[in-house]
Structure formats: C-alpha cells, structure tokens
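A.B. asks: Please read through the structure below; I'll follow up with questions.
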Amino acid sequence: MDTRQRSIPEKDVDFNVAQNVIATTASTKRNEWNLDGTWLDNELLPKKAAWETAWGNYENPMTRTKEITFIKQKRREEYEAPLRKLVKILQSSLYVADSDLEAMGIAIQSSERHPAPVPTTVPKSRVVLPSPAVVEIHFSDSESEHRAKPVGVHGVEAAWALLEEPTNDWRLLTHSTFDTHTPLRLTFEGPDRGRTLYFALRWENTRGEKGPWSAIEYTSIP
C-alpha cells in the first residue's frame, strides 16, 4: 500500500483536508496517545497555521500572484516534513487503534506495529462527586504516577450496579460503560440519590482484549 499517496495527498486541495484531520485529531488526543505536546505546539502546529494562511491566500484566483504561489509551495514543504513525522509516529504507536488511523485516512502498517499486549494490571480509581446525581470515576495506571493508561490500552470498562447489599460478585454488576478518557462519568435520576453505587474497572486494549477486574468499590450517589 502506498502510504505516501493515501496519508499525504499530492494535490494541494486534498492535502489541506487531510492535514487538518490528522493534525487536529492528534493535537486533541495528545494525552490519550502519549504524544509530545511541546513538539506539537512548537513545531507542527505553527507550520500548520502558516500553511493554512498561505493556502487561504492562494485559493482566490483573482488575487493570486507568483509570489503568493511561491509562498504557498514553500509553506507546504516546511509543513510536510513534520506532518510526515507525525504520521509515522501514529502508525507505530501502541496507543493509537487501527480504527483511529483509518478515521484519519492513515495507512495501517502492520509490519511496523507490534500487537498491543493483553492488559495484566487493574486501573486505579478515585471517585469525585461534582454535582447532584453525578458520579465521576477518575482512572489511571496503577503502575505509573504519570500515565493515565498502560501502553496499548484503548480505554476502561466499568461494570456497575445500584445494590442494597455489599457484594464481591462481579456478576451482580449488570451495567457496563466504556470510556477512553478519564474521568468516566455516570449520571443518575433524582430517585437514585442516596443509593449505593458498586463498580469495578478493567482495561481494554486497542484490539478489544480485556484485562482483569479491579476490586469492587462503592460510593453513595449525591
């Protein structure tokens, strides 16, 4: 498969659409995908802005000049190098699912991507009660103080239920919610306020494989 053609189109009009999808998505998901925010902010995004300005000036054929055309081409050359670097980072990252690459129009290079490992740890959780009838479950990697998720993990699954008695039986947690970003937010109805929420968490990798359940925890719905 020709990654150059698919990920970075040759025609400027197609390039402009593709670059915006790739760069904007990567910037938005920088924490989830463990990307270098300093490099994005200081290297990639300024060149993105310069290209878009030059492209905007070039698009109007009534005001287009040789100088505007030259600047447009120059800005593309300056931007394309870091953009290609970003594409390679995303293609080889264990944090980026194949479905994410496809959504950005980036070719999946299986030979450069190692299979995401099956999760072996459990998420660490912290409950926050921000408002009435709302429970936020903040989750993070139990083996790291700095990572929200282990390598290769796409998100967290929460099994939960409103129960009258304590339990250690995961089978009683009959509801399931999935989220890729912390916190996982559960919103309840007014009559549920004061009831006890029991929940357990487990990681899911980019291939849909799940890790072990955490211990069952509980909190009262505010």
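The values are calculated or read from the model by the stated rules, or taken from the named source; none is laboratory data. These numbers come from a predicted model, not from an experiment. Cβ: placed from backbone, ideal geometry, glycine included. Neighbour counts: every protein chain shown.
A.B. asks: Tell me, please, whether a residue that is within 16 Å of V134 (Cα to Cα), in a strand (DSSP E or B) and not β-branched (V, I, T) can be found in the stretch 204-221. Don't jump to the end; show me each part of the working.
C.D. replies: Kept after step one, since they are within 16 Å of V134 (Cα to Cα), are these residues of the stretch 204-221: 218-221.
Checking which are in a strand (DSSP E or B) leaves us with 218-220.
In the following step, the residues that additionally are not β-branched (V, I, T) were identified as 218, 220.
The answer is yes; a qualifying residue exists.
For (1) among the aromatic types (F, W, Y); (2) farther than 30 Å from D36 by Cα; (3) touching a Cys at 6+ places or on another chain (Cβ under 7 Å); (4) buried (at least 20 other Cβ atoms within 10 Å of the Cβ), each residue gets a yes or a no:
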{"residue": "W160", "(1), (2), (3), (4)": "yes, yes, no, yes"}
{"residue": "E165", "(1), (2), (3), (4)": "no, yes, no, no"}
{"residue": "R171", "(1), (2), (3), (4)": "no, yes, no, no"}
{"residue": "S176", "(1), (2), (3), (4)": "no, yes, no, no"}
{"residue": "T187", "(1), (2), (3), (4)": "no, yes, no, no"}
{"residue": "T196", "(1), (2), (3), (4)": "no, yes, no, no"}
{"residue": "N205", "(1), (2), (3), (4)": "no, no, no, yes"}
{"residue": "G208", "(1), (2), (3), (4)": "no, no, no, no"}
{"residue": "S220", "(1), (2), (3), (4)": "no, yes, no, no"}
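A.B. asks: F70 passes all but one of (1) over 20 Å from the mean Cα position of the chain (by Cα); (2) surrounded by fewer than 18 Cβ atoms within 10 Å (Cβ to Cβ); (3) closer than 30 Å to W213 by Cβ; which number fails?
C.D. replies: For F70, the failing item is (3).
A.B. asks: Cβ contacts < 8 Å: first residue touching a residue at least 12 places away in the same chain (Cβ under 8 Å), restricted to the stretch 77-95; second residue of a type in the set (D, E), any location; separation 6+ or different chain. Result?
C.D. replies: P82/E43; L90/D100; Q91/E112; S92/E112; Y95/E32
A.B. asks: Additional query: What pairs come up if the first residue lies in the stretch 161-175 and is in contact (Cβ under 8 Å) with a residue 12 or more places away in the chain, the second is exposed (fewer than 12 other Cβ atoms within 10 Å of the Cβ), and their beta carbons are under 6 Å apart, counting only those six or more places apart or on different chains?
C.D. replies: What qualifies is A161/T174.
A.B. asks: From L163, L173, L197, which residue is of a type in the set (A, V, I, L, M), within 16 Å of V127 (Cα to Cα) and modelled with pLDDT of 95 or more?
C.D. replies: Criteria check complete, one pass: L197.
A.B. asks: Of everything in the stretch 172-188 that's in a strand (DSSP E or B) and among the aliphatic types (A, V, I, L, M), which residue is farthest from the chain's Cα centre (by Cα)?
C.D. replies: L186
A.B. asks: Those residues that are among the β-branched types (V, I, T) and at pLDDT below 95, I need them from the stretch 46-73; list them, please.
C.D. replies: T63, the sole residue that qualifies.
A.B. asks: Look through the stretch 4-34, keep the residues that are assigned to a helix (DSSP H, G or I) and acidic (D, E), and return whichever of them is nearest to the chain's Cα centre (by Cα).
C.D. replies: D14
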